[in-house]
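Taking it in order: structure first as structure tokens, then the write-up.
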Amino acid sequence: MLDTPAIADVAAVPTLSLSDEARDPAAFARALGGSFERFGFAIVADHGVPQALIDRAWAETEALFALPEAEKRGYHLPGGGGARGYTPFKTEIAKGASAVDLKEFWHVGRELPEGHRFAAQMAANVWPTRPEGFRDTFVELFAAFDRAGDRLLSAIARHLGLAPDWFDPAVKDGNSVLRLLHYPPIPADAEGVRAGAHEDINLITLLLGAEEAGLELLDRASGKWLAIKPPEGAMVVNVGDMLQRLTNHVLPSTTHRVVNPAPERRGHSRYSMPFFLHPAPDFLIETLPQTISEARPNRYPTPITAHDYLHERLVEIGLIKK
């Protein structure tokens, strides 16, 4: 049956301006790091992704998912783990959940030159023949997310006492993914929720489209679900499990979900665009020494590459079969 949780309180996640990062890098790093330590989330305005580009991307996302089902399924790559192209409705399941998520999505990855050393680990993109201009729009948007992500990672490095460019080699040619998400209208007898409670796999996630109600985080302090309500056009940013592991949980990856809408919104689609910022496949996720202490022993004494960690998690959420 349709799971429509009670209306949640709003999380007091601060809204920061990325323009402050250029003016006062240390203060921005403290504010971002503090928000991450408290909530695992931050809201970032003035993120530098051009609004005209975002508007174009929304229009093309809606046009893509409005294509006939058979045409969309022609871009699905069975056995590909959903890495690129189309993943049909009710495919992905949150770890430990009993019902699949009520969503369909499309993945755009990094465009690599022919013969690149990561070609075996990072699949080539799948591009639809329509809507026209789709490829150009999302290659441009991917690059814009990349730039914003680099600035946020620089602030995270400062907060952790690292050099501001510490993450640069880690994410150069990283296996980041731009996900175009469509949550279709929900019938009264639907089983499950739009996106079950989960944590993200990657370093950080940069999300556009959270203005439409539904995104909630599980507050560690109170144990309550809290709604995330960013200002129009702001980006929601959250810590992923790779960064949590790297920082020995100093920066926590917070459980979150997308709940089903109120009855008056059930007939409407919901769209969002998360950018899952990943390191390069060969990046070794090894606990940072400064995050280990007698009070905080190393939770992860055995390092793991980003590629192997990603594979483990994709099996858990059903995108790769054992």
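The values are calculated or read from the model by the stated rules, or taken from the named source; none is laboratory data. Because the structure is a prediction, the values reported are computed rather than measured. A quick note on method: Cβ atoms are made from the backbone with ideal geometry, for glycine too, and the neighbour counts reach across all protein chains shown. We work out accessible area using only protein heavy atoms, side chains counted, and drop any ligands, DNA or RNA first. Shrake-Rupley method; radii C 1.70, N 1.55, O 1.52, S 1.80 Å.
Descriptive notes on the structure:
- Amide H contacts of Ile204 (H built 1.01 Å from N, in plane; Pro and chain starts excluded): Gly240, Leu277 sit under 5 Å, all sequence-distant by 5 or more or on other chains.
- Span-like helix ranges in the chain, DSSP H, alpha carbon extent 27 angstrom or more, Kyte mean at least 0.0: 134-159
- Dipole magnitude of the chain, debye to nearest 20 (Cβ charges: Lys/Arg +1, Asp/Glu -1, about Cα centre): 500 debye
- With protein chains left intact and a 1.4 Å probe, residues in the chain average 44 Å² of accessible area per residue.
- The string of couplings for region 230-239 from the Karplus curve (6.51, -1.76, 1.60, θ = phi - 60°) is x, x, 3, x, 7, 9, 9, 10, 9, 6 Hz, one whole number per residue in order, with x for Gly and Pro.
- Within region 183-227: backbone nitrogen closer than 19 Å to the Lys90 label point (7 Å, Cα to C-beta): 183-197
- Test item: Cα-centred dipole of region 1-158, Lys/Arg +1 and Asp/Glu -1 on Cβ, debye: 420 debye
- Estimated distance in nm for a label pair at Ala143 and Tyr271, the labels positioned 7 Å out from Cα along Cα-to-Cβ: 2.2 nm
- Taking every DSSP bridge with both residues inside the chain, close to 85 percent are antiparallel.
- Length-normalised contact order for region 221-272 - Cα pairs under 8 Å, 6+ apart - percent: 21 percent
- Relative contact order [Cα under 8 Å, 6+ residues apart], region 123-219, whole percent: 18 percent
- Percent accessible area from carbon and sulfur atoms, the chain, protein chains only, probe 1.4 Å: 53 percent
- Over region 1-77 - Rg/Rh using Cα atoms and the Kirkwood inverse-distance radius: 1.16
- Efficiency of FRET from Cβ geometry, Ala27 and Glu212, R₀ 30 Å, rounded to 0.05: 0.45
- Hydrodynamic analysis of region 152-200 uses the Kirkwood radius over alpha carbon pairs. Inserted into Stokes-Einstein at 10 °C and 1.306 mPa s, it gives a translational diffusion coefficient of 108 µm²/s.
- Listed residues Thr247, Thr305, Thr205, most fluctuating in the chain (Gaussian network, C-alpha, under 10 Å): Thr305
- Debye intensity ratio in log₁₀ form over the Cα atoms of region 188-227, taken at each q of 0.18, 0.22, 0.33, 0.35 Å⁻¹: -0.72, -1.00, -1.19, -1.18
- Once each of the GluC sites (Glu not before Pro) sitting in a DSSP loop with at most 11 other beta-carbon atoms within 10 Å is removed, the chain keeps 1-113 as its longest stretch.
- Trypsin sites (Lys or Arg not before Pro) lying in DSSP loop within region 110-193, provided at most 12 other Cβ fall within 10 Å: Arg117, Lys172
- Selected from Leu141, Leu18, Leu53 as most flexible by GNM, with the chain as the system and alpha-carbon contacts under 10 Å: Leu53
- Estimated [θ] at 222 nm from DSSP helical runs (n ≥ 4, -39500 (n - 2.57)) normalised by residues in the chain, nearest 500: -8000 deg cm²/dmol
- For region 56-141, the relative contact order is 27 percent, taking Cα pairs closer than 8 Å that sit 6 or more residues apart in sequence and dividing their mean separation by the residue count.
- Prolate/oblate/rounded label for region 1-157 (Cα gyration tensor, a/c 1.5): oblate
- Choice from Leu251, Leu178, Leu16 with maximal GNM fluctuation in the chain (Cα, 10 Å cutoff): Leu16
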